[in-house]
1. Taking 30 Å as R0, compute the FRET efficiency from the Cβ-Cβ separation of GLU202 and GLN267 and round it to 0.05.
2. Expected output is a single nm value to one decimal: the length gained when fully extending between VAL55 and LYS41, i.e. 0.36 nm times separation in residues minus the C-alpha distance. What is it?
3. Taking neighbour Cβ counts within 10 Å as the exposure measure, how do MET170, MET373, MET61, MET348 sort from fewest upward?
4. Can you sort CYS117, CYS283 from fewest to most other Cβ atoms within 10 Å of each residue's own Cβ?
5. Between LEU111 and ASP365, how high is the FRET efficiency from 1/(1 + (r/R0)^6) when r is the Cβ-Cβ distance and R₀ = 51 Å? Nearest 0.05.
6. Could you work out how far apart the two model spin labels at GLU121 and GLU335 are, taking each label as a point 7 Å from the Cα in the direction of the beta carbon, and quote it in nm?
7. Label THR152 and ILE188 with points 7 Å out from Cα along Cα→Cβ: what is the distance between them in nm?
8. Using only the Cα atoms of segment 167-234, what do you get for the radius of gyration and for Dmax, in Å?
Amino acid sequence: MLTHTAPAHHFCFISFPTLPMAESINLYTFENNTVFSIFGKGLKLNTSDDVQEFVDTILQMDALEVICLSGNTIGVEAAQSLAAALKTRPTLKRALLSDIFTGRLLSEIPLALKALCDAFEETQLIELDLSDNAFGPAGAEPLIDFLSNTKTLQHLRLNNNGLGIGGGTMIAKALQAWADKCKAENRISTLHTVICGRNRLEDGSAPSLGAAFAAHGTLRVVRMPQNGIRPTGIKRLVTGLRACEHLEHLDLQDNTFTAKGAKALSQSISSWPKLQVLNVGDCLLSHRGGLTLAGALNNGHVKNLTRLNLQYNEIRGDAILVLAEAVRTHLKDLEHLELNGNQFDPEMREAQSLIDALAVWSHGDALDDLDDMEEVDSEEEEDEEDETSSDEEEDKDELVKKAEANEKKEPVARGDDSKAEQELVSQLEKTHI
């Protein structure tokens with residue numbers, strides 16, 4: 001069998017300043033020996049001979065902090081040889097391993113992953129990126145020991161891995177074991193970031209994931225878009241995240257909330273006073289859910305939002321009035337607001353009220369183009385009215401009336417709670433929509 005020994009120009013050394021994201025690495029600067037990268041070279045590395053030159057180089061890098069193998073395909077024997085070298089580099093902090101198994105047999109991947117993850121247990125790894133490797137539940141199992149025993153990992157990136165319910169549950173249980181060990185040893189978890197989108201996690205893995213997030217309580221970034229999670233699963237996730245008071249970025253785009261999930265999110269949002277980015281676009285919040293969330297944003301607990309995505313959620317004009325009041329009163333830092341694809345008229349006063357509220361804080365250009373708005377479906381409207389009690393309708397009406405009454409008032413300084421706002425908060429807490 002022919003083997004391919006990579007020539008020297010297939011790797012490079014790059015200095016590594018503090019970089020939050022793998023994609024921030026500059027592959028074209030050469031300063032010192034802290035980073036080893038063969039990023040995007042398209043190499044097919046099968047045997048020990050294929051990686052021998054890389055191994056020799058790694059063994060000479062006493063200050064190695066980053067290994068980037070992304071964009072190549074790595075077999076079992078090659079992975080084991082690389083792992084043996086990495087095990088001797090205790091300074092290693094980041095392992096960037098996205099898209100490293102293209103064309104590999106499903107039976108190969110767990111063995112290669114196991115070798116690499118065992119090596120990482122000997123390091124001080126703070127970031128592990130295995131995104132865009134379609135290894136499914138079988139690929140989750142080799143991660144269990146590492147995730148259960150790590151004391152240093154901060155950023156876990158498992159985007160587009162095809163984990164499914166089984167793989168997601170395995171990852172969740174490993175995270176839970178890690179949190180349990182932290183508690184037993186009286187130390188604080190280091191976990192800050194979990195990115196796990198496009199994995200078909202669905203409702204089945206949500207209870208375990210929600211419990212694991214709560215057990216850690218340290219998460220700052222959670223991004224789980226496009227996972228087929230429905231209202232019950234959404235409720236379990238956001239309820240678990242209430243324990244993460246330092247949460248800054250929550251992305252649950254393109255899952256299914258309905259009013260039930262929106263209510264759970266609305267009840268949880270006050271637990272995240274540092275929240276800066278909220279993305280629940282394409283989540284079918286519904287008319288009632290949109291109004292509930294707008295009311296929650298108007299309660300004054302979340303004042304640091306800079307980006308808010310509420311696109312394609314069946315949100316209507318009454319919720320836009322309440323959202324405008326939230327912007328006018330609390331959200332002075334909101335620089336990017338996405339509302340396209342909802343069910344209100346961009347030419348009517350509700351939209352203008354929102355634009356005026358953004359302009360108060362010099363963010364008049366924050367709103368995205370409203371060029372794909374939906375019409376209200378009369379049948380859906382009738383169904384919603386049938387499901388909503390008269391008491392709930394009165395509560396909704398009261399929220400909107402108070403927003404309308406405050407529409408022309410001057411903005412309230414951040415941190416101040418007006419009497420009208422307190423009444424609105426009280427009314428929201430009593431509503432069951």
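1. Working: r = 22 Å, r/R0 = 0.75.
Calculated transfer efficiency: 0.85.
2. On the way: separation 14, 0.36 × 14 = 5.04 nm, distance 1.67 nm.
Contour length minus Cα-Cα distance gives 3.4 nm.
3. Working: MET170 22, MET373 16, MET61 19, MET348 11.
The most exposed by this proxy come first: MET348, MET373, MET61, MET170.
4. Numbers: CYS117 21, CYS283 28.
With the fewest neighbours first, CYS117, CYS283 line up as CYS117, CYS283.
5. Taking R0 as 51 Å, the efficiency between LEU111 and ASP365 is 0.45.
6. Modelled inter-label distance: 4.4 nm.
7. 1.9
8. Considering segment 167-234 through its Cα atoms, Rg and Dmax are 12.0, 36 Å.
We did not get these values from a lab; they are worked out from the coordinates using the rules stated. Just so it is clear, the model here is predicted, and its values are computed rather than measured. As a convention, Cβ positions derive from the backbone with ideal geometry for all residues, glycine included, and neighbour counts pool all protein chains shown.
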